[in-house]
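This report concerns only the one structure given below.
The values are calculated or read from the model by the stated rules, or taken from the named source; none is laboratory data. Note that the structure is predicted; figures quoted are calculated from it, not measured. Cβ placement follows ideal geometry from the backbone for every residue including glycine, while neighbour counts extend to all protein chains displayed.
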Amino acid sequence: MKKEISFILNGNEVSLSVSSDEKLLEVLRNTLGITSPKYSCGKGECGACTVLLDGKTVRSCIMLAVEADKSEIVTLEGFQKNGLTNIQKVFLKHNAFQCGFCAPGFILSTDELLRENPEPNEEEIREALAGNLCRCTGYKNIIEAVEEMVKIRKEGAEQ
Amino acid sequence: MKKLNVVGHDAVRIDLKEKITGTAKYTDDFAFGPNLLHMSVLSSPHAHAEIMGIDTSEAEKLPGVRAVATGKDFPQKIGLYLKDKSILPVDRVRYIGEQVAVVIATSKKIADEGCRRIKVDYKVLPSIHNQMKAMDADAVLIHPNLGDYEVVPWLNPQPGRNISHIRKIRKGDTEKGFEEADFVLEDEYAVPHVVHAALEPHITVALYDYNERFTFWNSTQSPHTQRNMIAEALKIPHQNVRVVAGSVGGGFGGKAGISMEALGVVCRKVPGFPVKLRWSREEEFYNSSQRQGLQAQIKIGVTKEGKITALKHKLYWDVGASAEYGNNVVNATGFSATGPYYIPNVSIDSLAVYTNNPPCAAYRGFGYSEFHFGLESILDSVAKHIKMDPVEFRRKNAIKVGDKVAYGVPMNPSGMHECIDRVAEAIEWGKEVESKDPDKVIAKGFACAWKAPAMPANAGSSVFIKFSEDASINVELSGMEIGQGLHTTMAKFAAEELGLPLEKVRVELPDTDRSPYEWQTVASHETWALGNAVILAAREAKERIFDVVHRAYFLEKEFLYLEDAKVKNELDPTFQLPLKDFVISGIETEHHTWIGGPITGSGSYIPEFTNAMVDPETGQGGHPNVHYTVGAGAVTIELDKKTGVIRVLHMAEAFDAGKAINPDLAKDQIVGGFVQGLGTALYEEVHFDKDGKILNPNFTDYKIPTTLDVPYKMDPILVEVPQPDGPFGARGISEHTMIPVMPAVANAVANAVGLRIRDIPLTAEKIALRLNSKEFKPEY
């Protein structure tokens, strides 16, 4: 069964017809050409498909596209549309990723963490990012980068 | 040695910006337009059965289905070292999940439905899921035609048995060695199957065009090897197969050789249409080649002074239903199962045993993690039996430069003792720490490791370098950037050799039509082998540059050098010719003619000293490995005696990189490899039911480490004893970093509570049950 839906995607209004069983990830990738969210586990276990929906991270591989009707969706493509963000710059400086497949998910999860808890300690960082799996890095540089983001914020270096 | 400007300095990875901006295109990110078709695979529900017939008629009738294929259409044998599997099975399935038939349709949903409509008539056969039982004389034969399969000359299949390969080592006289020992210990250790769990699943998009050419877009570690295997299997010209590599979202050996990509050839039935096959996570568990299971029997003799006199090591590998690639894991570990120690008398039998479990092949560490678990565990036990500190015991026996390894070749330069000392220092070996919680114990565990690249004796690498107008260069190669930092490393070699800043170097992913040959990105051999090819290519370009300058300015080439993107002259500091002035256009003479032309360079490398043809009964007489990389690792754990939960508080690992090209990236390999190893130490295990069905093919039931599992303190340490034939002295370390983890944690548990775990992983449940059982007796 097809259903008409519309949402704001990275600042632009999108209207389209989707099957009732289509996942948001499939619609983003296959219909709308948004490739930063990745298919990895298909069960919401790994966080590679993470997107922001009304400012909250969701697992787009298990969310039905029809559930996203009337929402505002931001993917990495939209998140960086005014250039590299501070989150990305600090991840870059720390060589935080290796194969990079999990990076879009980590970047958006970090954004959510820092909006909800601007000064997390190391344990809170680990807790917040525990839903994003990375098989390459051992997480050390990712965690250290987020700690530095917090430090930069504290020092008021970030506008 | 001349001062290095790029090599040996830290840098941001050259591929990272495209990865953190989502610019990097993984294979599933390529757009193929509205003609893209989708493939689904019908899997076998039986672990072992004869295929009596397949009826595909109902699937073919389904609207949207464009093609159906079975083993009748694609029976060709395929395999890296032993052709023991077909593209699609013809008469027999050998494990649950084996691909029996495929359907190509206009949507994935229709392709799935097509698969459901295929009827397969199976005659179920007895199945074997344990390698020890598979060796019984009356065991059902999994490959009755083993003797007919094409095989490389250095493997020893045993037709009439479920044994795909045996590697034997006989050095000295082990019986005499055990007689000389003051103490002899025998034990058995087991390692289960685990999976790579790369975040990106396997994927291929295949197109057969009306020009009779195949193009594959693959997530792969082996573009050229895949091209070769497909061309050979189908008996078509190599130039009619093209493999284009996307970014790879994690490999760890799982994307080496060929697995599901072979199914792409079915696209020949739908010319002109690209066909996509992407594994689901569950298919990934069954069909991306797991890590072998191992049952190891070890006997070791030592003197009371702590010298190892003899080692007998039997390795029984469960390679699953196919050993086309996995046989080399068995082979490589057969040569090396002494670990990094000098042992005068050695007997090793390493056996590849077929079972009806999923096929196993390369996984980071290539078998070395598995045998080190038993070996490094028994070394701790034996040291404690003779009342010697386990670290001191390792120091006494650690291999030195020039010591003969088990197959009789002298050990390459390496810093085994320095690695031991640096790790012992970092972990504060010998300093006892008490937990504040009376239910918990804090203890330390130590292990050493070594590994050699396992590859054919003539594995080749090649590189092209070309300049652009602004003196930037493209380094063209087919070594795969799979996250390990290969592009950055190769860019640095070229930059250093050509006197360029790193920013001037671009390295791209390969396309077998355009990029020079590379055997495979495996074995942690690329820094060394491909690095040597990059340097040869850079030197050829440099020679051409100097030649042009010599002809234009009559300067002697021997005094010219490259620095700051300029040609400089040792004899005349005022001579500074920017490369950008001539590397494309050439140099203009006073007569307005031009000398030179676009500068290029090429380089090819194979190790010319290796020889895989050893005596099958003794393993002597060849030179099967290029060199070993050595290292050590240690952990401090806190063990909860009531719950069995282990928390790793601190880890230290040191590896001898020869020369760390990018020290921070090398340390990142240590950290990443440690954490991947930690998963296998603490909880990773593929659970099968009695029929070979996987019970945990997902990340909820098969856990991999998260941010919460990572030690707060991690000390990656680099040792640099140069490899004489390595680029700037470098050798690989990436796989090695996983190897010490399982035994180091197991040794820490034994040190903490006297519980010796002989079957990894060290799950909380296992520890709590054994520690709190009535039969528990502390041991070494």
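None of A:G131, A:G78, A:G55 is of a type in the set (G, A, S), surrounded by fewer than 23 Cβ atoms within 10 Å (Cβ to Cβ) and away from chain B (no Cβ under 14 Å) except A:G55. Would you mind stating whether B:T21 is polar (S, T, N, Q), buried (at least 17 other Cβ atoms within 10 Å of the Cβ) and either touching a residue at least 24 places away in the same chain (Cβ under 8 Å) or more than 14 Å from chain A (Cβ to nearest Cβ) (or both)? No. Evaluate the stretch B:168-175: report whether one residue or more is farther than 23 Å from B:P624 by Cβ and in a loop (DSSP other than H, G, I, E, B). Looking for residues that are farther than 23 Å from B:P624 by Cβ and in a loop (DSSP other than H, G, I, E, B), one finds none in the stretch B:168-175, hence no.
From the list B:L37, B:L4, the one residue that fits, being away from chain A (no Cβ under 13 Å) and under 30 Å from B:W528 (Cβ atoms), is B:L4.
Against the list (1) within 9 Å of chain A (Cβ to nearest Cβ); (2) touching a strand residue (DSSP E or B) at 6+ places or on another chain (Cβ under 9 Å); (3) surrounded by 17 or more Cβ atoms within 10 Å (Cβ to Cβ), the condition B:S43 fails is (1).
Here is the figure for the stretch A:1-48: residues that are away from chain B (no Cβ under 13 Å), among the charged types (D, E, K, R) and farther than 17 Å from A:G78 by Cα total 3. Taking the criterion of being part of a helix (DSSP H, G or I), closer than 15 Å to A:T137 by Cα and among the aromatic types (F, W, Y), the residues of the stretch A:75-108 that qualify are A:F91, A:F106. The single condition among (1) touching a residue at least 40 places away in the same chain (Cβ under 8 Å); (2) assigned to a loop (DSSP other than H, G, I, E, B) that B:L530 does not satisfy is (2). Selection within the stretch B:578-636: residues that are loosely packed, with under 15 Cβ neighbours inside 10 Å and of a type in the set (G, A, S). The member of this set that is nearest to B:V745 (Cα to Cα) is B:G621. Which fully enclosed strands (runs of 3 or more DSSP E) of the stretch B:10-89 have 1 or more residues being within 23 Å of B:L146 (Cα to Cα) and hydroxyl-bearing (S, T, Y)? Qualifying strands (runs of 3 or more DSSP E): B:65-70.
If only residues of the stretch B:499-524 that are assigned to a loop (DSSP other than H, G, I, E, B) and of a type in the set (D, E, K, R) are counted, the one that is surrounded by the most Cβ atoms within 10 Å (Cβ to Cβ) is B:E508.
Just one of the listed residues (B:E305, B:E284) is at pLDDT 95 or above and within 18 Å of the chain's Cα centre (by Cα), namely B:E284. Residues that are within 17 Å of B:T355 (Cα to Cα) and within 29 Å of the chain's Cα centre (by Cα) do occur in the stretch B:135-142, at least one of them.
A:N121 - would you say it is more than 7 Å from chain B (Cβ to nearest Cβ) and in contact (Cβ under 8 Å) with a residue 60 or more places away in the chain? Talk me through it step by step, then tell me what you get.
Details: more than 7 Å from chain B (Cβ to nearest Cβ): yes; in contact (Cβ under 8 Å) with a residue 60 or more places away in the chain: no.
It is false that A:N121 is more than 7 Å from chain B (Cβ to nearest Cβ) and in contact (Cβ under 8 Å) with a residue 60 or more places away in the chain.
What are the residues in the stretch B:307-324 that are under 16 Å from B:L294 (Cα atoms) and among the hydroxyl-bearing types (S, T, Y), if any? Answer for the stretch B:307-324, where residues must be under 16 Å from B:L294 (Cα atoms) and among the hydroxyl-bearing types (S, T, Y): B:Y316, B:S322.
Among the residues of the stretch B:55-97, those identified as more than 24 Å from the chain's Cα centre (by Cα), of a type in the set (A, V, I, L, M) and buried (at least 19 other Cβ atoms within 10 Å of the Cβ) are B:A59, B:V65, B:A67, B:V68, B:A69, B:L88, B:V93, B:I96. Within the stretch A:63-71, the presence of a residue that is surrounded by fewer than 24 Cβ atoms within 10 Å (Cβ to Cβ), within 14 Å of chain B (Cβ to nearest Cβ) and charged (D, E, K, R) is excluded.
For every residue, the table says whether it meets (1) within 27 Å of the chain's Cα centre (by Cα); (2) part of a strand (DSSP E or B); (3) small (G, A, S).
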{"position": "B:Q297", "(1), (2), (3)": "yes, yes, no"}
{"position": "B:G301", "(1), (2), (3)": "no, yes, yes"}
{"position": "B:H313", "(1), (2), (3)": "yes, yes, no"}
{"position": "B:Y316", "(1), (2), (3)": "yes, yes, no"}
{"position": "B:A323", "(1), (2), (3)": "yes, no, yes"}
{"position": "B:N328", "(1), (2), (3)": "yes, no, no"}
{"position": "B:N331", "(1), (2), (3)": "yes, no, no"}
{"position": "B:V346", "(1), (2), (3)": "yes, yes, no"}
{"position": "B:D349", "(1), (2), (3)": "yes, yes, no"}
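Which of the residues belonging to the stretch B:218-249 are within 14 Å of chain A (Cβ to nearest Cβ) and either hydrophobic (A, V, I, L, M, F, W, C) or out of contact with any strand residue (DSSP E or B) (no Cβ under 7 Å at 6 or more places or on another chain) (or both)?
B:Q221, B:A245, B:V248
Within the set A:E122, A:E127, A:E72, A:E147, the sole residue that is within 15 Å of the chain's Cα centre (by Cα) and modelled with pLDDT of 95 or more turns out to be A:E72.
Among the residues of the stretch B:669-691, the ones that are outside any helix (DSSP H, G or I) and touching a Pro at 6+ places or on another chain (Cβ under 8 Å) come to 4 in all. Note on the stretch B:723-779: among residues that are charged (D, E, K, R) and free of Cβ contacts under 8 Å to residues at least 40 places away in the same chain, the one that is nearest to B:K492 (Cα to Cα) is B:R770. The single condition among (1) more than 20 Å from B:G460 (Cα to Cα); (2) in contact with a Gly (Cβ under 7 Å, 6 or more places away or on another chain) that B:A495 does not satisfy is (2). Applying the criterion of being in contact with an Asp or Glu (Cβ under 6 Å, 6 or more places away or on another chain) and part of a strand (DSSP E or B) to the residues of the stretch B:641-668, the residue that is surrounded by the most Cβ atoms within 10 Å (Cβ to Cβ) is B:A652.
Of everything in the stretch B:703-722 that is part of a helix (DSSP H, G or I) and without any contact (Cβ under 8 Å) to a residue 24 or more places away in the chain, the residue that is surrounded by the fewest Cβ atoms within 10 Å (Cβ to Cβ) is B:L708. Taking the stated definitions as given, is A:E147 within 14 Å of chain B (Cβ to nearest Cβ), touching a Leu at 6+ places or on another chain (Cβ under 9 Å) and among the acidic types (D, E)? No, not satisfied.
It is to be established whether one or more residues within the stretch B:184-206 are under 20 Å from B:A459 (Cβ atoms) and surrounded by fewer than 17 Cβ atoms within 10 Å (Cβ to Cβ). Looking for residues that are under 20 Å from B:A459 (Cβ atoms) and surrounded by fewer than 17 Cβ atoms within 10 Å (Cβ to Cβ), one finds none in the stretch B:184-206, hence no.
Those helices (runs of 4 or more DSSP H) of the stretch B:367-444 in which at least 3 residues are within 16 Å of B:G339 (Cβ to Cβ), among the acidic types (D, E) and touching a strand residue (DSSP E or B) at 6+ places or on another chain (Cβ under 8 Å), considering only elements entirely within it, cover B:368-385.
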